[in-house]
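Notes for the one structure printed next.
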Amino acid sequence: MSAVLQPAVAPPTVNREFLSGNEAAARGAWEAGVEIAAAYPGTPSTEILETLAGLAGVYAEWSTNEKVALEVALGASMTGRRAITAMKHVGLNVAADTLMTMGLVGVKAGLVIAVSDDVGFSSSQNEQDSRFWGRFVHLPVLEPADAAEAYAMTREAFSISERHQVPVLLRLTTRVSHVKRTVATGAREAADAMRHGYRKDAERWIITPNHVGKRIELRAARDAALARETASSAWNRFEPGADSRLGFIVSGPAYHVVREAFPDAPLLKLGLSHPMPLDAAKRLAALTERVLVVEEVDPIVENELKAAAIPVHGKDVLPLQGEITVPVLENAVARLSGGSPQRRTAPLKAAVFPRPPTLCAGCPYMGVYFWLGQLKDAVICGDIGCYTLGCGEPWNAMDSIISMGASLGVAHGMVKGFAGDADAKPVLAVIGDSTFLHTGMPALANIAYQGGNVTVLLLDNRATAMTGGQDNPGTGQRLDGSAAPRLDFAKLVEALGVRPERVRVVDPYELPTFFKVLREEMKVPEPSVIITNRPCVLSRDFERRRPLEVRDDQCNGCARCLDVGCPAITVRRRESQKRASGKVVDLAWVRIERALCTGCDLCAKACARGAIVAA
């Protein structure tokens, strides 16, 4: 691993800490004097705000979505306080409307947008390269290769932001965000030294047609200044090598991959990757026979260099998705040179019992999906969150999952598309409490306004559960643990236009009652909302009950309890039996793992023989 470049003025070292990239970015922001931090949780970026929330002198909040979080940071910057916002790659799409305007108006005090791309989409609905936003919005882009650079670059980003009056995009990836290394940390700068105070400036902060022209001219001048700075930035460095046959241009954590696989190759490492340092790239190209651009995931640098008539290779031999590893790079170089890759001994893989994604034992969503999985006469539009897992076994209860808050809009479109069809099916939309607050409310208002006959299941588990149980306006608590008003979803839904008679609040553990309400609302020819009211089993509000057990003398092996999908229920014996009628049935005798069981009683309600009882 190479020595890590430090900013022009290195902070006095006071400690050495073992930090992840997210923790390091938070520490760098704190040392830079950040006072305001706002974000929406999303893997792999969540820990940035969680770390800042524990540091003195920082106001930190979980905002209702990424656009709101960015606007909070902008407002703080306008008053002269340094601010940071953090989000995952798809969250930056939500914030894009405000982001585009910020590219024109700029900022006052330093503002950093930390965005973590889920390269390999291990926990996301897509794979996305956020570096495009730097080009699109005209923002400088910093790309740390590890936690130490995440720390140092975040500190430097605030200086760049104030020097050019522009937001700075700190582009992380999962490999940087979640991998730890030792980081030399420093002291916090005095926040007072960076407060400039708010000053009324209508021509700058009010974007109207007569003001935009001037801002575009100023942006062009800023771009030119940033390009001059990038050309001499210490974050972009040339590393000579003994083997001139092949040189590399690389950014982000792929730098370490290149250095491991080809330690003797000349290399240009891009840390401040936009604006592009074209002269440095031309220098490398002149010294080597070939140049390979190694970047995750899209050919952004490659295309910019080709547009500048610099001959390079890239995605012609490297994959267009996923992380770049040493074997991947070696294979790419082999294809480029026409030879065979160096063979490495494959690491031994442990024989791990397969564990598909599933809900937690006792999750209140299980009762919902127990019934939805049996609705063969309906179309079910899902959303992003723990309820996404309803698409898997044993429920298979989803027909679409698109993006945050999209279940309602897609469902409404399907209802309108089915209009007039004799065989039109009922349409349901499933969404969680935090996702509803994120981007679901406008869609429900539209359904009510347009009269879309959608049955909405609003699953309130009092947590932003999938990202770790963070708080939101529906939990009654803020990030710092202080009490907050708890939003009343029934009243909110009514305020959005759903008639009070069509707003039903049910306990998802009461399987017969829930199914009765579900069937009733599906038959009503107007918008309706069913709100479930059980908390997440990992939240502070959940109350564990006595665990359950199976009475072997009453169990007939029908396996109906397995349809609930609870991971606490395991199969101890399977067999097939031929009935007198000649029909062969598959039977499964089960047991309940007491250590996992929360006593929710869902499996007992699914059992027609009363074979499941309290232990």
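We did not get these values from a lab; they are worked out from the coordinates using the rules stated. Source: prediction; values computed, not measured. With ideal geometry, Cβ positions are generated from the backbone for all residues, glycine too; neighbour counts draw on all protein chains shown.
If the chain between GLN321 and ALA221 were fully stretched, how many nm would it gain, using 0.36 nm times the residue separation less the Cα-Cα distance?
Values: separation 100, 0.36 × 100 = 36.00 nm, distance 3.52 nm.
Length gained between GLN321 and ALA221: 32.5 nm.
Checking the a/c ratio against 1.5 first, then a/b against b/c, what shape does the Cα gyration tensor give for region 486-615? Before the final figure, lay out each step's value.
Working: a/c = 3.58, a/b = 1.70, b/c = 2.11.
Cα axes put region 486-615 in the oblate bin.
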Where labels lie 7 Å past Cα in the beta-carbon direction, separation of GLU520 and THR101 in nm | 4.5
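Apply 1/(1 + (r/R0)^6) to the Cβ-Cβ distance of ASP507 and GLN450, taking R0 = 35 Å, and write down the FRET efficiency to the nearest 0.05.
Working: r = 31 Å, r/R0 = 0.88.
Result of the calculation: an efficiency of 0.70.
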For the residue pair ASP541 and HIS211, what label-to-label distance in nm results when each label sits 7 Å from Cα along the Cα-to-beta-carbon direction?
-> 4.1
Measuring from centroid to centroid over Cα atoms, what is the spacing of region 472-539 and region 277-334 in Å?
-> 51
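Tell me the net charge near ALA429. Cut-off is 11 Å between Cβ atoms, ALA429 excluded, with +1 for each Lys or Arg and -1 for each Asp or Glu.
On the way: positive: none; negative: ASP383, ASP399.
Result for the local shell: -2.
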Determine the percent antiparallel among the DSSP beta bridges restricted to the chain, to the nearest 5.
-> 30
Looking at region 365-532 from every direction and averaging, what is the projected area of its Cα convex hull in nm²?
-> 9.3
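Let me have the relative contact order for region 422-567, percent, based on Cα pairs under 8 Å that are six or more residues apart. Let's see the in-between values first.
Details: 196 pairs, mean separation 36.3, N = 146.
Reported relative contact order: 25 percent.
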The extension gain from ARG574 to GLU549, computed as 0.36 nm times the residue separation minus the Cα-Cα distance, is 7.2 nm
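Viscosity 0.692 mPa s, temperature 37 °C: what is the translational diffusion coefficient of the chain from Stokes-Einstein with a Kirkwood Rh over Cα pairs, rounded to a whole number of µm²/s?
Working: Rh = 27.0 Å.
Roughly 122 µm²/s, to the nearest whole number.
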Against the longest alpha carbon principal axis of the chain, how many degrees, from 0 to 90 and to the nearest 10, is the axis of helix 511-523 turned?
-> 80
Quick calc: nm separation of the 7 Å Cα→Cβ label points for ALA308 and ALA378 -> 5.7
So if we plug the beta-carbon distance of ALA190 and GLU17 into 1/(1 + (r/R0)^6) with R0 = 22 Å, what FRET efficiency do we get, rounded to 0.05?
-> 0.55
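What does the convex hull of the Cα atoms of region 15-231 come to per residue, in Å³, rounded to a whole number?
Working: hull volume 24.1 nm³, N = 217.
It is 111 Å³ per residue.
If we count every other residue with Cβ under 14 angstrom of VAL493's Cβ, Lys/Arg +1 and Asp/Glu -1, where does the sum land?
So the environment of VAL493 carries a net charge of -3.
Can you give the local net charge around GLU217? Use residues other than it whose beta-carbon is closer than 15 angstrom to its beta-carbon, Lys and Arg +1, Asp and Glu -1. Walk me through the numbers on the way to the answer.
Numbers: positive: ARG204, LYS214, ARG215, ARG219, ARG222; negative: GLU203, ASP223.
It works out to a net charge of +3.
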Note down the relative contact order for the chain as a percent, whole number, built from C-alpha pairs under 8 angstrom at least six residues apart.
-> 11
Quick calc, GLU260 & ALA614: beta-carbon distance into FRET formula, R0 56 Å, rounding 0.05, result 0.50
Could you tell me whether region 240-314 comes out rounded, prolate or oblate from its Cα gyration tensor? Rule is a ≥ b ≥ c as square roots of the eigenvalues, rounded for a/c under 1.5, then prolate if a/b exceeds b/c, otherwise oblate.
-> oblate
How much mean residue ellipticity at 222 nm does the chain get from its helices, if each DSSP H run of length 4 or more adds -39500 (n - 2.57) and you divide by all residues, to the nearest 500 deg cm²/dmol?
-> -9500 deg cm²/dmol
Segment ARG591-SER123, extension gain: residue separation times 0.36 nm, minus the distance between their alpha carbons = 165.4 nm
Cα centroid separation - region 210-257 against region 16-51, whole Å = 24
Kirkwood Rh and Cα Rg combined as Rg/Rh, region 130-185 | 1.00
Let me know the Kirkwood hydrodynamic radius for region 158-238, please, with Cα pairs as the basis and the value in Å to one decimal.
-> 16.6
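What ranking do 479-488, 405-414, 453-462, 49-58 get when scored by the average of other Cβ atoms within 10 Å per residue, highest first?
Values: 479-488: 11.7, 405-414: 24.0, 453-462: 25.9, 49-58: 18.0.
With the highest mean Cβ count within 10 Å placed first, the list reads 453-462, 405-414, 49-58, 479-488.
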